[in-house]
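A short write-up of the structure that comes next.
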Amino acid sequence: MYLMNAWYVAGWSSEFTCKPLGRTFLDEPVVLYRGKNGRIVALEDRCCHRGMPLSHGEVFDNHIRCEYHGLMFDGGGRCVDIPGQKMISPSAKVRHYALEERDDIVWIWMGDPQKANPEQIVRYPWHASWPYKAKSEILKCNYLLVSDNLLDQTHAAYVHKSTLASDPDAYAKAEMHTSPTTDGVKFTRWMLNCIPPGLYASAVKFNGRVDRWQEFEYVAPSCILQFTGALDVGKGAYEERVREGGFGLRIFYGITPETEDTTWFFWSTANGYRQNEPEATEQLFHSIEAAFKEDEIVIEAQHATLRRLSGRPLININSDGARVHARLALERKIAAERGISREQVVTMA
């Protein structure tokens, strides 16, 4: 079940050119292209004449032409030209979607365009101030499992043994601070006086043990912001909230449903250390990419099992706190949008 009236990530600014790009969001096929005026257009990926995907078409200035019979559509979805025909019916149109481009991220509103408020878009200034690298990929699982995985970081001690984890006891004994918000949840995990992971140690020079932090914010329906880092023990990371001088990493996650069983996973890694060294940013990206491949194996296997054994109960444990608050926030929003109770949302999901 999806929240329709919300902003979802459609991709990165660099992905959209004058060549039409077809993508599916929330089970809806969409064609996206950048017009001559520089603005990105999002339309229903279906010509209203015979159903040909417009993503197979061609862009002319700010319009797109169907490659089957040549119908031309403007950025609002209205047919403006039919070869060999002067009269164009007002019904000759396709749906258009509200779209905004901010911080190198392209956001799409899949619900009622009249309700689309750009002020609700999550801002991410780090793409302008920190060097970063981004990726778009599709995962074979429900989108909720992706956010669930990110919001319970205790899995890292077991899933990421070779990449991000270094001290399983530190993960198990992490100090957790969780704060529900109107739109989701924020939490900070502290792993104090622990061995730095190999990724951290290869990026910056530590004197020995470190104090690590993991700050996360989930914004329903599917955006997560992460700030992770470490300083040498005694440098004030925990006591004084010092953040400069050690390892720092920011990750943006856009988790957009493609279908109930597949998810667009848009993520970027921004480098907070050795920022004048492109190779450091590249190394960071590939290290995180390797860790995400480990996540992918787990959540795709999890999804397959949940599909096969649907209806069997699952339990919550202490580490599920942030995940539970995130689900509650999303369920409240869906219930409000549909005019039903949250309990009905849970039953229908």
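Summing charges over neighbours of Ala220, with a neighbour being any other residue whose Cβ is under 10 Å away from its Cβ, gives +1 when K and R count +1 and D and E count -1. The calculated 222 nm mean residue ellipticity attributable to helices in the chain amounts to -7000 deg cm²/dmol, summing -39500 (n - 2.57) over DSSP H runs of n ≥ 4 and dividing by all residues. Database note for the chain: Cys without another Cys beta carbon under 4.7 angstrom, Cys18, Cys48, Cys79, Cys141, Cys194, Cys223.
Using the average count of surrounding beta-carbon atoms within 10 Å as a protection proxy, the listed peptides 266-277, 302-313 rank, highest first, as 266-277, 302-313. Placing pseudo-labels 7 Å out from each Cα toward the beta carbon at Ser136 and Asp61 gives an inter-label distance of 2.6 nm. Given their separation in residues at 0.36 nm each and the Cα-Cα distance between them, Lys36 and Arg243 gain 70.2 nm when the chain is fully extended. In this rough spin-label picture, where each label sits 7 Å from Cα along the Cβ direction, the Ile88-Ala290 distance is 5.4 nm. Free of any GluC sites (Glu not before Pro) that DSSP assigns to a loop and that have at most 12 other C-beta atoms within 10 Å, the longest stretch within the chain is 1-238.
Shape summary of region 109-268, radius of gyration then Dmax from alpha carbon positions: 17.0, 56 Å. Each Lys and Arg contributes +1 and each Asp and Glu -1, all at the Cβ; summed about the Cα centre of the chain, the dipole is approximately 460 debye.
The convex hull built on the alpha-carbon positions of the chain has an orientation-averaged projected area of 19.6 nm². Of the residues His127, Leu199, Ala157, the one whose Cα sits farthest toward the positive end of the charge dipole of the chain, with +1 on the Cβ of Lys and Arg and -1 on the Cβ of Asp and Glu, is His127. Each of Thr305, Val80, Phe285 was scored by the projection of its Cα onto the charge dipole of the chain, and the greatest displacement toward the positive side belongs to Val80; charges sit on the C-beta of Lys, Arg, Asp and Glu.
Taken together, the values in this text are just the output of simple stated rules run on the coordinates, not laboratory data. Here the structure is a predicted model, which means the values were calculated and not measured. Glycine gets a Cβ as well: all are built from the backbone with ideal geometry, and neighbour counts include every protein chain shown.
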